[in-house]
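The next block holds one structure in the form of structure tokens; read it before the comments.
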Amino acid sequence: MPELGIRQTDRESPGRGQEEKTVSATKIPVEVKRIADDIRDMKIRGAGELARSAVRALMIACQKSSAKTSQDLLADIRAAAVALLETRPTAVSLPNGIRYVMHRVSQAEQRTQEVGQVRLAGIKAAEEFIANSNTAIERIGEIGARRIQDGDILLTHCNSSAAISVIKTAWKIGKRFHVYATETRPRFQGRLTAGILLKEGIPVTMIIDDAARHFMREIDKVVVGADAVSANGAVVNKIGTSMIALAAKESDVNTFVAAETYKFSPETMIGEAVPIEQRSTDEVIGKAELEGLPGLEVKNPSFDVTAPEYIDLIITERGIIPPQGAILILQELMGTITPEELDEYKTLTLAEVD
Ligand code: RUB
């Protein structure tokens with residue numbers, strides 16, 4: 001069984017769990033460290049993009065390693081993987097992407113001790129993951145676009161490449177509609193969404209997050225992305241998503257989630273909860289102002305959980321499923337395994353058991 005050198009459960013908020021690191025940072029190429037920093041600082045963000053970037057970083061680790069033995073190469077790639085896993089805890093696409101590559105590297109290492117072969121396997125796996133990921137987003141766009149109708153008024157939250165793919169594809173095939181984009185406090189990712197949609201010529205209205213219920217009577221469909229999908233069909237996405245889904249349900253508006261299958265969390269099959277990232281309070285209130293309010297506690301969870309009852313369908317690259325079908329995607333990916341085996345797979349990936 002391949003070992004990553006870090007357990008999924010050791011991954012907590014950025015900066016925490018440092019003592020768990022089992023690797024020497026000197027083994028990690030500067031380019032990989034930069035990608036890890038950019039993910040942590042949200043210069044690279046959005047669950048799909050951060051998975052692709054992390055996988056790209058592993059490819060760089062393969063290319064840059066000066067290891068002379070396959071064992072040393074594996075250690076170098078693991079060091080990069082651990083650094084990347086330490087960045088942001090919620091998007092399950094990140095560990096799933098890393099494990100996709102690690103599994104193939106480990107397999108190659110078991111097959112052949114030839115360092116060049118192992119390096120190649122890592123590079124190929126990374127290229128494969130990135131290509132599959134891009135294709136998945138296109139496919140989600142094509143599938144989801146069929147559910148958009150002329151005259152619809154859509155509402156989207158945050159900045160999801162999968163949700164945007166649905167909206168853009170629908171527009172490209174000639175459907176005409178209007179989009180409400182929430183600004184998405186505290187980091188205002190909604191402005192990115194508005195910019196991307198406006199560039200396509202799609203009419204957009206920006207609203208503050210708190211206005212979602214106020215406008216819900218005008219909305220026909222809510223389309224959002226996901227950082228993680230649990231075995232029970234619950235969706236973890238940008239904070240505020242669950243309130244929007246709740247308001248949508250109240251108004252009989254459908255909520256669609258666009259999510260690639262590498263955002264489905266195998267760990268949730270064995271009862272683990274998806275960790276919710278707690279970000280710096282600076283994003284909510286500046287240090288100076290906070291100092292003027294002694295005793296004030298500030299909390300800044302970056303994601304929330306929308307229960308399956310509030311989700312009408314999940315658009316994946318394999319097709320549309322109800323949230324209750326999430327378990328089928330996970331089972332298909334993981335095969336039929338006993339609870340004991342499942343427990344064993346805590347540090348493994350979807351790819352490792354496919
Ligand atoms: C981004 C966010 C997005 C999902 C899906 O949060 O919540 O809705 O990650 O995005 P953050 P995509 O800005 O904190 O990373 O569909 O692009 O994977």
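The values are calculated or read from the model by the stated rules, or taken from the named source; none is laboratory data. Not measured: the values here are computed from a predicted model. In this analysis, Cβ positions are derived from the backbone assuming ideal geometry, glycine residues included, and neighbour counts consider all displayed protein chains.
Here are some notes:
- From the list Ile35, Ile28, the lone residue that is among the hydrophobic types (A, V, I, L, M, F, W, C) and at pLDDT below 95 is Ile28.
- Given (1) within 15 Å of the ligand (Cβ to nearest atom); (2) within 24 Å of Asp150 (Cβ to Cβ); (3) assigned to a loop (DSSP other than H, G, I, E, B), number of the condition Gly201 does not satisfy: (1)
- Enumeration of residues in region 135-165 that are over 16 Å from Leu313 (Cβ atoms) and assigned to a loop (DSSP other than H, G, I, E, B): Asp150, Gly151, His157, Cys158, Asn159
- Test: residue in region 206-225 that is modelled with pLDDT of 95 or more, within 12 Å of the ligand (Cβ to nearest atom), over 30 Å from Thr281 (Cβ atoms) and touching a Phe, Trp or Tyr at 6+ places or on another chain (Cβ under 6 Å): yes
- Of the residues making up region 77-116, those that are acidic (Asp, Glu) and either crowded, with 24+ Cβ neighbours inside 10 Å or within 29 Å of Asn237 (Cβ to Cβ) (or both) number 1.
- Filter result (closer than 23 Å to Asn237 by Cα and surrounded by 16 or more Cβ atoms within 10 Å (Cβ to Cβ)) within region 43-76: Ile44, Arg45, Gly46, Ala47, Gly48, Glu49, Leu50, Ala51, Arg52, Ser53, Ala54, Val55
- Close contacts from region 284-296, counting a first residue that is in contact (Cβ under 8 Å) with a residue 12 or more places away in the chain and under 16 Å from Pro186 (Cα atoms) and a second that is of a type outside the set (A, V, I, L, M, F, W, C) and loosely packed, with under 11 Cβ neighbours inside 10 Å, with Cβ to Cβ under 9 Å and a gap of 6+ residues or different chains, come to Val284/Lys299.
- Lone qualifier among Thr169, Thr184 - being part of a loop (DSSP other than H, G, I, E, B) and either within 12 Å of the ligand (Cβ to nearest atom) or surrounded by 18 or more Cβ atoms within 10 Å (Cβ to Cβ) (or both): Thr184
- Residue among Gly271, Gly286, Gly319 that is on the phi > 0 side of the Ramachandran plot, modelled with pLDDT of 95 or more and surrounded by fewer than 17 Cβ atoms within 10 Å (Cβ to Cβ): Gly319
- Contacts under 7 angstrom Cβ, first residue in region 76-101 being touching a residue at least 12 places away in the same chain (Cβ under 8 Å) and of a type in the set (Gly, Ala, Ser), partner assigned to a loop (DSSP other than H, G, I, E, B) and within 14 Å of the ligand (Cβ to nearest atom), 6 or more apart: Ala91/Asp227
- A single entry from Gly174, Gly195 fulfils the requirement of being assigned to a loop (DSSP other than H, G, I, E, B), free of Cβ contacts under 8 Å to residues at least 24 places away in the same chain and either touching a Lys or Arg at 6+ places or on another chain (Cβ under 9 Å) or more than 21 Å from Tyr310 (Cα to Cα) (or both): Gly174.
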